[in-house]
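Everything below concerns the one structure shown next.
The values are calculated or read from the model by the stated rules, or taken from the named source; none is laboratory data. Because the structure is predicted, anything quoted here is derived from the model rather than measured. Cβ: placed from backbone, ideal geometry, glycine included. Neighbour counts: every protein chain shown. Keep in mind that these areas ignore ligands, DNA and RNA; they rest on the heavy atoms of the full protein, side chains included. Shrake-Rupley method; radii C 1.70, N 1.55, O 1.52, S 1.80 Å.
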Amino acid sequence: MHKSINIQNISNDKINLLDLNPKEIEIFLISIGAKKFSTEQLMKWIYNYNCSNFNLMSNLKKDIRKKLNEKSCIFASNFTEEKVSYDGTIKWITSINKQKIETIYIPEKKRATLCVSSQIGCALRCDFCATGQQGFNRNLRVSEIISQIWQANKILREKKNNSLITNIVFMGMGEPLLNLNNVVSAIKIILDKNGFGLSKRRITLSTSGIVPALDKLSKKIDVSLAISLHAPNDFIRNSIMPINKKYNIKSFLNSVSQYLKFSRANRGGVTVEYVMLSGINDSNENAKELANILKKIPSKINLIPWNSFKNANFISSSKKRINIFANILRTKGFNTTIRKNRGQDINAACGQLTGEIINRIRN
Ligand code: SAH
Ligand code: SF4
């Protein structure tokens with residue numbers, strides 16, 4: 001096999017093709033004697049038709065199908081549990097060796113967003129986040145990230161649901177920039193026209209600010225960026241997000257500015273996420289400070305009412321407070337929205353993902 005391919009084998013040493021980005025699939029196919037153009041054919045079967053059986057891939061030569069069967073497989077981890085919210089949001093859980101990955105499907109009138117996880121747990125331990133409080137287990141493999149989208153589309157196709165995934169947000173469990181290589185490979189598959197074929201504006205990566213990784217990202221891939229800022233100064237940010245002690249607001253925003261310089265996916269500006277915590281970061285003064293630190297950065301601000309979870313010591317700001325805060329930002333010229341909380345009744349809202357077990361759908 002080609003040395004540059006980071007192939008993670010599953011049992012019996014077969015390569016799981018869901019671990020490979022388009023370039024790697026091409027290299028693999030050539031190594032088994034196929035022509036370059038088979039990459040497009042094979043990827044279409046996998047991603048456009050959700051086909052995992054090589055024998056059904058009628059436009060691939062018989063001897064190539066035989067070699068594919070010998071050396072590789074298409075293995076997407078199953079969703080093992082499902083919970084549907086009154087508002088149509090669905091939470092799917094994948095159990096792998098007793099670990100749980102959560103994926104959230106959010107249908108809207110004109111689009112359907114899938115919120116995917118990039119790690120099991122998170123090492124960054126933000127105080128207001130259930131995933132962070134759970135601790136870190138491990139990075140997800142490319143195939144485990146991709147399986148979430150593959151299985152979602154498969155279920156939606158089987159249900160003849162017209163709302164196939166139109167948008168992907170890396171806002172599930174984990175910090176995507178701490179699993180940089182696998183996340184970048186997964187994004188290449190999502191972007192590829194024979195993969196999921198989504199445009200870079202429809203893929204959003206949310207980060208709490210791992211500065212060296214964000215600097216690297218700008219050299220690797222262009223996607224929509226969302227930043228978990230959540231505080232208007234280092235004093236407050238240090239107290240709720242330990243990562244700020246390593247990479248402070250100034251270094252984070254500098255790195256974001258650099259990213260925006262080359263990015264075409266962020267033409268409308270970066271999305272600034274700001275969770276509204278009563279008495280902590282939600283005063284009029286805080287809104288003015290926030291406007292001030294963002295004045296040189298093209299941005300849209302998304303205020304997120306805080307979602308509660310067990311043993312957390314915060315209170316969400318009131319609706320009235322959030323509106324006043326939003327209006328201060330608007331008068332300063334910022335496009336400011338307030339996030340609708342979807343799927344709260346099934347613990348599928350932002351920051352509520354912990355992989356807890358709900359009803360089983362398959363054995
Ligand atoms: N680790 C990345 C990706 C997770 S995205 C990041 O932090 O950006 C999930 C978003 O929801 C982040 O903006 C996160 O800060 C926010 N969030 C976390 N806990 C929350 C909670 N309890 N209520 C509302 N938003 C929360
Ligand atoms: Fe991790 Fe993001 Fe939660 Fe912070 S907010 S603990 S970075 S998942």
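Give the lysines whose C-alpha is closer than 20 Å to that of Lys250, dropping any in the same chain fewer than 8 places away, or say none.
Lys216, Lys261, Lys288, Lys295, Lys296, Lys300
If a cysteine in the chain has no other Cys Cβ under 4.7 Å from its own Cβ, put it on the list, ordered by number.
When partners are defined as cysteine Cβ atoms under 4.7 Å apart, the chain leaves Cys51, Cys73, Cys115, Cys122, Cys350 without one.
Taking all pairs of distinct Cα atoms, average 1/r, flip it, and tell me the Kirkwood hydrodynamic radius of the stretch 241-316 in Å to one decimal place.
Numbers: mean 1/r = 0.0707 Å⁻¹.
When all Cα pairs of the stretch 241-316 are included, the Kirkwood radius is 14.1 Å.
Given a 1.4 angstrom probe, what's the average accessible area per residue across the chain, in square angstrom?
46
Could you tell me which of the pairs Lys100/Lys310; Lys220/Lys246; Lys14/Lys200 are separated by over 29 angstrom between their Cα atoms in the structure shown?
Where the Cα-Cα span goes over 29 Å, the pairs concerned are Lys14/Lys200.
Aspartates and glutamates within cross-link reach of Lys36: Cα-Cα under 13 Å, excluding same-chain residues under 8 positions apart?
Output for Lys36: Glu24, Glu26.
Evaluate the charge dipole of the chain about its Cα centre and quote only its size in Debye, nearest 20, assuming +1 on the Cβ of each Lys and Arg and -1 on the Cβ of each Asp and Glu.
Charge dipole of the chain: 940 debye, to the nearest 20.
Over 26 Å between C-alpha atoms is what I'm after, so list which of Lys44/Lys66; Lys44/Lys67; Lys83/Lys188 land there.
Numbers: Lys44/Lys66 18 Å; Lys44/Lys67 18 Å; Lys83/Lys188 29 Å.
Over 26 Å apart, Cα to Cα: Lys83/Lys188.
Which shape class, rounded, prolate or oblate, goes with the stretch 29-139 when its Cα gyration tensor gives a ≥ b ≥ c as root eigenvalues, a/c under 1.5 marks rounded, and past that a/b bigger than b/c marks prolate?
prolate
Out of all DSSP beta bridges with both ends in the stretch 79-346, state the antiparallel percent to the nearest 5.
DSSP beta bridges in the stretch 79-346 are roughly 45 percent antiparallel.
Counting only residues 5 or more places away or on other chains, whose amide H sits under 5 Å from the amide H of Ser206 once H atoms are built in the peptide plane?
It is Phe170, Ala226, by chain and number.
Please report the base-10 log of the normalised intensity I(q)/I(0) for the stretch 43-95, using a Debye sum with one equal scatterer per alpha carbon and no solvent, at each q in 0.18, 0.22 (1/Å).
The computed values of log10 I(q)/I(0) come out as -0.70, -0.84.
How large is the convex hull of the C-alpha atoms of the stretch 162-203 per residue, in Å³?
Enclosed volume per residue, from the Cα hull, is 76 Å³.
Cβ neighbours within 10 Å, averaged per peptide: list 84-90, 287-293, 60-66 in order, most packed at the top.
Values: 84-90: 16.4, 287-293: 18.1, 60-66: 14.6.
Taking the mean over residues of other Cβ atoms within 10 Å, the ranking is 287-293, 84-90, 60-66.
For the chain, compute the orientation-averaged projected area of the C-alpha convex hull (one quarter of its surface), in nm².
18.3
Determine ³J(HN,Hα), in whole Hz, for all residues of the stretch 222-239 in sequence, where each value follows from phi through the Karplus function 6.51 cos²θ - 1.76 cosθ + 1.60 and θ = phi - 60°; x replaces Gly and Pro.
Each residue of the stretch 222-239 in turn: 10, 9, 5, 10, 10, 10, 7, 8, 6, 7, x, 8, 5, 4, 5, 5, 4, 7 Hz.
Kindly write out, for the stretch 309-318 in residue order, the coupling ³J(HN,Hα) from the Karplus curve 6.51 cos²θ - 1.76 cosθ + 1.60 (θ = phi - 60°), rounded to whole Hz, with x marking Gly and Pro.
Ordered by residue, 3J(HN,Hα) equals 8, 4, 6, 8, 9, 10, 10, 6, 4, 6 Hz.
Could you pull out which residues in the stretch 224-242 have an amide N less than 17 Å from a spot 7 Å beyond the Cα of Asn335, following the Cα-Cβ vector?
Of the residues in the stretch 224-242, 224-227 have backbone N under 17 Å from the label point off Asn335.
Given a Förster distance of 25 angstrom, what is the FRET efficiency for Ser308 paired with Lys216, based on the Cβ-Cβ distance and rounded to 0.05?
0.10
Under 4 °C and 1.567 mPa s, how fast does the stretch 99-204 diffuse according to Stokes-Einstein, given a Kirkwood radius computed over C-alpha pairs? Answer in µm²/s, whole number.
In µm²/s, the coefficient is 92.
Run lengths n ≥ 4 of DSSP H only: what is the helix-derived mean residue ellipticity at 222 nm for the chain, with -39500 (n - 2.57) per run over all residues, to the nearest 500?
My calculation for the chain gives -9500 deg cm²/dmol from helical runs alone.
Give the carbon-plus-sulfur fraction of the accessible surface of the chain in %, rounded to a whole number; probe 1.4 Å, heavy atoms of protein chains only.
Whole-percent figure for carbon plus sulfur exposure: 49.
Note the full-extension length gain between Glu285 and Glu108 as 0.36 nm times their separation in residues minus their Cα-Cα distance, in nm to one decimal.
60.3 nm
Assuming a ≥ b ≥ c are the square roots of the Cα gyration tensor eigenvalues, decide whether the stretch 9-73 counts as rounded (a/c under 1.5), prolate (otherwise, with a/b larger than b/c) or oblate. Each step should come with its number before you reach the end.
Numbers: a/c = 1.18, a/b = 1.16, b/c = 1.02.
Rounded shape, in that the Cα axes give a/c under 1.5.
Working from Cα positions, state the angle (0 to 90°, nearest 10) between the long axis of helix 180-191 and the longest principal axis of the chain.
The helix 180-191 is inclined about 70 degrees to the chain.
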